[in-house]
Each structure stands twice: as C-alpha cells, then as structure tokens.
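Trainee: Can you keep this structure in mind? I'll have questions shortly.
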Amino acid sequence: MPVEIDIAKVARLARLALSEEDLDRYREQCEVVLEHAARVQALPTDGVAGTSHPLPRTNAFREDRITECLDTEEVLAQAPDRDGDFFSVPKILDEQ
Amino acid sequence: MTYEPVIGIETHVELTTASKMFCGCPVDFGAPPNTNVCPVCLGLPGALPVVNGRAVEYAMTIGLALNCTIAGRSVFSRKNYFYPDMPKNYQISQYEEPLCVDGYLDVETDGTASRVGITRVHMEEDTGKSTHVGVGGRIADASHSLIDFNRAGVPLMEVVSEPDIRSAEEARAFVAELRGAVLRLGVSDAKLEEGSMRFDANVSLRAVGAEPFGTKVEVKNMNSLRSLQRALEHEIERQAAILESGGEVLQETRHWDEEAGTTTGMRSKEEAFDYRYFDEPDLVPVEVDDEWRTRVAGALPELPAQARGRYLEMGLDATTAGLLSNDVEVGLVFEAAVATGADAQMVANWLTGEVTALLRREDTTLGATPIDGSVLAELSAMVTDGQLSASAAKDVLAGVLAGEGRPAEVAASRDLIQVSDAGELEPVIDGVLAENDEAVAKLKEGDEKVIGFLVGQVMRATGGKADPGLVNQIIKARVGGG
C-alpha cells in the first residue's frame, strides 16, 4: 500500500535545508516507514486502548524540592553567542 | 444589522511551586538570568523530566474550583515548534487527555449573573523569556534577542473557556473572577503586569439570533484587566465595521497595542501551527483516583463567590464586596479587623480606597505595609469612640502607611485627636457665640442654616480638632433655639 508524503513540508517544519537528491532519498525512506504504519493502522483495533507507553506504570512524581542548578558560566559556554548573562540569538522572525 | 460578540478566553497561570514542572530548579522570578537552569529545563541530550507532584495537585485545585471533572487518567504530549526561548524544540503540554474538563465559572457583570463554561484546564511548562534588543523593543525592529531560561519549565496551567462570553465587560469580569479564585487557592501570585497570569481572547461577531459563529480573531498582548476590556471593545468595533461595509473578517492573530489603542495583524505562516502533537514518551500517565480527588476537594479554601456572599451579609455594598473577595490578601486583613470588632464598612472603605490607591502608587503589596487587622481595628475604634473624625482617620491611615507608627501614635504626633470633652469645648464655643451676635440672633429666630457657620468657627478655633457633632449639640443647647 503506497503512501505519499510531502517531504518538502516535513523538511521545512524541521528547519532542514535539503537538496533535491536528499529530499528524494528521505522521501523513499519515510514512505517505507509510513507504509508500515498504514499496515498497522489497517488492523482491527476496536476496543483496544491506545498504548503510549510499553510499561504499565503511572504517577511517577517527584517531591516539590529544589535541587542544584548548573553554573551559569558553564551553561553559557555551550552557546555560540552570549550578551552578558543572556544567550544571544539572531533576530526572531515574526512567526511562531 | 446588530452584531453579537462571541468571546472565548485562554488564560495561562504560572504556579508558585518551589521547583519547576519537570526538574528541581527553583521557581524564582527575581533571579539573575540563566541561574535557575539544569540539563532538564535546558533540554540537554539524555536529560529526563519527572513530574512535580505538587504542581499536579495545584492544577487539580484549579480544576475543582472551576467545577471541572478531574480525569481519571491524563497524559502529557509534545507540542513541536521552533522558537529560541524553548530549548527542547517542543513544549511538554497536555493535548488529547487533559487533567480537568467540562467545568464552569459563575460571573457577575454589572449586577447580571452569567455562567461561562470551562472547556479544559491542562498542565504544561512555561518557556524562557526573550528580550528583543533594538529600537522600541519590537520584534520587527530588533537587531538580536536575549534569552533567559529561568522561566523555562515553570509549571503553567492553561484554562480554556467556552465561547460563552458576550461582551468586553463580561470578559473582564470573567478574568477578574478567575484571578480571584487562583489567588484564594494560593497556587499562583497571578500578577497580570508581570505575566504570571496571561490571557488571549478569541473574538468573532455574528448577527444577533444567528446560530453559526463568525470568523474568529485571536487577540494577544493584553496585560491588565483594563487593557483586556479596551482591546476587546476595539476588536468588536473593528469587526463590526468590516461586516457593515460588506467585507469579510480575516482569521488571524492580532496584537493589542496599548498606547495606540488598536490591534494590528501579525504575519504568520500557515504551517507554523502544525504542532505535530504526540504522546510524551518520557512521562507516564497521571491517574487520579477517588481518594486523591476527594482529599484535594476537601482541602479547597473559600472561593471569591462564597466570600462575596458573606461580605454582602455583613452589609457591604456589592462593589466593595467584589473588590475584597477578589483580592485574598486584602480580604483576609479585612476579616481580621472585623473579627476584633472593627466597623466593617469603614474598614472596607479604607482598604478599597486609600490603601489600594497607595499600593498601586507605590507598586507594593499589602503584606509589605504596616497595615494589618489590628491596625485597622485600632483606627476604627478611635473613630467610633469619637477620638478621630472621619477625615482625620484618613490622615492617620496615611501616617501609618508612611511608617510613622500605630494609629494612636500617629494621631498624637500629628495632633489629630478630636476634642470630645464638653468642658474643654464650652469656653471656646462661648467665645465664638459672643463674637457672632448676628448669627446667634438668626439662629434664635429659627434660621438653622447659620449653625453650620458657627460650628465651622469653632472648628477653626480648635484647629479642626473639635468633635463637630458635640459642638453642634452644645451650640443648640446654649442658644436655646433651633
């Protein structure tokens, strides 16, 4: 069961600039994955609850207690650019 | 044609837990930038989130206060989008299975009661804070942006209302009521100006009596109750003008400009809203059983509507009762004063008048001032006992707020104690009467109007400290007429 995918849109959503050849390659690979998903989707699942997690665990909570944070200098050292103790990022485009 | 606005409101409330939603970094809004961060809230590879149990309880109290059903099972999802203030490139939120659904909040707008449905209350995490550097702080003019991740991961509740609201005033009343409830629950400081409570409104118009909704516009960037009302009034007018002239309202997000008093459209790409939600694999579902739900429900404090009812029974007017019930800090001081015998209306008037004005002017909270129940009770007693006139009491209150001491001390040092001793007042009154033959003669003839003049003369002679009621009585007794 062939499944079509708008691979250019997926790339845009993921902010990936891909060449035409790359797009073709990923289109083929993603279509294989989607075909598999379509086969699973075709199975009769009436009355079967969705399984988001493989283990039957719920309510894994922690106490509302403060733990140690990272050192600001160490954190900012990971960034390409900083301005004082802030991360500095290029102008944010008018979209979200 | 007459149009009817259809309004729904989404409110975000930051919770005042000690630590963040999914990690142990402190929730502390005054901290220096990028100090309250760790691998989890920075989205570093391999870091795993763990849900803050108290945040779940706080979310449940909000849901229960809004008459919601608490879901037996709810799950977290990933909301995928790219923005520099969100280090993981997704926000952990709840989507298909939120914690609280199907509630309502009763609202009163200018004496008219209405019920606004609550679609859902769900848990999520806040993003970091970005500051745009450049001309005027606007995104479009910025050269670059500064990011502080201290706020990233702070527990955030989203309260989504049904499109049940029919006017800008009702929208304002709804948010005020919701804010009052959140404050009374003690789960958020709900500061609108600082953004710990924020709201967006969806607005559309339809012909009165029509069933289908019109095209809706999302209005953002209102940071006070007043700006919410103004923004909605403006947006309703704008849409009505478009429809009147035969045009079509564009479905879009519009940004409220407080100074210009207008909304402007924000450009946005169509696919920017393809969030590709999926279940968060790093977090297991939340299950709430009857025992847990009952325990949280049993610990709910009194809500604004109930407090308002009690205040009305004490004889307060509706406006004052509303102001006191929606601000729990002020309400509790009021109750403490009344519990020790203070006059309810007098204390309420001070709190909603002079005290509130000062708090706004100085941008502070009641807890940071010397005002408490015992101070107001003392001041109230001084008025009731005739030691202070109503206007002198306000001077004393100003002195207390300025840190000059307890009411008795301030009254003494500002020399405001009223003379209520007849023996002390009689010689002064006799002097005034002797100097004003003409007025006394008129009063004897039954001209009651001159008594005000004579009382005024005595007040002046005593530097405003005489008890005017007593002076009035003594003058009438002396002159014999009247």
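Trainee: With +1 on each Lys and Arg Cβ and -1 on each Asp and Glu Cβ, how big is the dipole of chain B about its Cα centre, in debye rounded to the nearest 20?
Mentor: Rounded to the nearest 20 debye, it is 540 debye.
Trainee: Something else: What's the longest uninterrupted piece of chain A once you rule out the trypsin sites (Lys or Arg not before Pro) that are loop residues per DSSP with at most 13 other Cβ within 10 Å?
Mentor: Between the exposed loop sites, the longest stretch runs A:16-56.
Trainee: Take the Cα radius of gyration of chain B and divide it by 2.2 N^0.38 Å, with N its residue count; two decimals is plenty.
Mentor: Normalised Cα radius of gyration, chain B: 1.26.
Trainee: Would you kindly derive the ³J(HN,Hα) couplings of region A:25-31 from the backbone phi angles with the Karplus curve 6.51 cos²θ - 1.76 cosθ + 1.60 (θ = phi - 60°), listing them in order in whole Hz, with x for Gly and Pro?
Mentor: 4, 5, 4, 4, 5, 5, 5
Trainee: Could you list, in their original order, any pairs among A:Lys9/B:Lys191; B:Lys20/B:Lys220; B:Lys129/B:Lys220; B:Lys20/B:Lys191; A:Lys91/B:Lys88 whose Cα atoms are separated by more than 28 Å?
Mentor: Those over the limit are A:Lys9/B:Lys191.
Trainee: Same structure, new question: Select from region B:131-237 those GluC sites (Glu not before Pro) which occupy a DSSP coil region and have at most 16 other Cβ atoms within 10 Å, ordered by residue number.
Mentor: Here the GluC sites (Glu not before Pro) that fit, given the DSSP loop and packing criteria, are B:Glu193, B:Glu194.
Trainee: Show me the GluC sites (Glu not before Pro) within region A:1-87 that DSSP assigns to loop and that have at most 14 other Cβ atoms within 10 Å of their Cβ.
Mentor: Listed in order of number, the matching sites are A:Glu4, A:Glu63, A:Glu68.
Trainee: Next question. What trypsin sites (Lys or Arg not before Pro) does region B:196-246 have in DSSP loop regions with at most 15 other beta carbons within 10 Å?
Mentor: Listed in order of number, the matching sites amount to none.
Trainee: Right, here's the next one. Among B:Thr319, A:Thr67, what is the fewest-to-most ranking by other Cβ atoms within 10 Å?
Mentor: Neighbour counts put them in this order, fewest first: B:Thr319, A:Thr67.
Trainee: Sort out the exposed loop chymotrypsin sites (Phe, Trp or Tyr not before Pro) in chain B (DSSP loop, at most 13 other Cβ within 10 Å) and tell me the longest stretch that has none.
Mentor: After excluding every exposed loop site, the longest remaining stretch is B:214-482.
Trainee: Given labels modelled 7 Å from the Cα in the Cβ direction, how far is it in nm from A:Asp83 to B:Met314?
Mentor: Computed distance between label sites A:Asp83 and B:Met314 equals 5.0 nm.
Trainee: Using θ = phi - 60° and the Karplus curve 6.51 cos²θ - 1.76 cosθ + 1.60, what whole-Hz ³J(HN,Hα) does each residue of region B:195-200 get, with Gly and Pro shown as x?
Mentor: Those phi angles translate into x, 7, 9, 10, 9, 10 Hz.
Trainee: Give me a comma-separated list of calculated 3J(HN,Hα) values for region B:164-179, in order, Karplus coefficients 6.51, -1.76, 1.60 applied at θ = phi - 60°, integers in Hz, x for any Gly or Pro.
Mentor: In residue order, the calculated couplings are 9, 8, 10, 7, 5, 5, 5, 4, 5, 5, 4, 5, 4, 5, 5, 5 Hz.
Trainee: What is the local net charge at B:Leu44, summed over the other residues whose Cβ is closer than 12 Å to its Cβ (Lys, Arg +1; Asp, Glu -1)?
Mentor: Spelling it out: positives minus negatives among the neighbours equals 0.
Trainee: Which one, B:Thr462, B:Gly53, B:Gly315, is farthest towards the positive end of the dipole of chain B when Lys and Arg carry +1 and Asp and Glu -1 on their Cβ?
Mentor: Projecting each Cα onto the dipole axis, the largest value belongs to B:Gly53.
Trainee: Could you work out which residue, out of A:Thr72, A:Thr58, A:Thr45, moves most in a Gaussian network model of chain A, that is, has the largest mean-square fluctuation with Cα springs under 10 Å?
Mentor: Most flexible of the set in this elastic network: A:Thr72.
Trainee: So which lysines pass the test for B:Lys476, namely a Cα distance under 26 Å, with those fewer than 8 places away in the same chain ruled out?
Mentor: Of all the lysines, those that pass the test against B:Lys476 - Cα under 26 Å, at least 8 places apart if same chain - are B:Lys442, B:Lys444, B:Lys449, B:Lys465.
Trainee: What is the dipole size for the protein assembly as shown, taken about its Cα centre, with +1 at each Lys and Arg Cβ and -1 at each Asp and Glu Cβ, in debye to the nearest 20?
Mentor: Once rounded to the nearest 20, the dipole reads 160 debye.
Each value in this text was obtained by applying a stated rule to the coordinates, not by laboratory testing. Worth saying up front: this structure is predicted, and the values here are computed from it rather than measured. Here the Cβ is made from the backbone with ideal geometry for all residues, glycine too, and neighbour counts use every protein chain on show.
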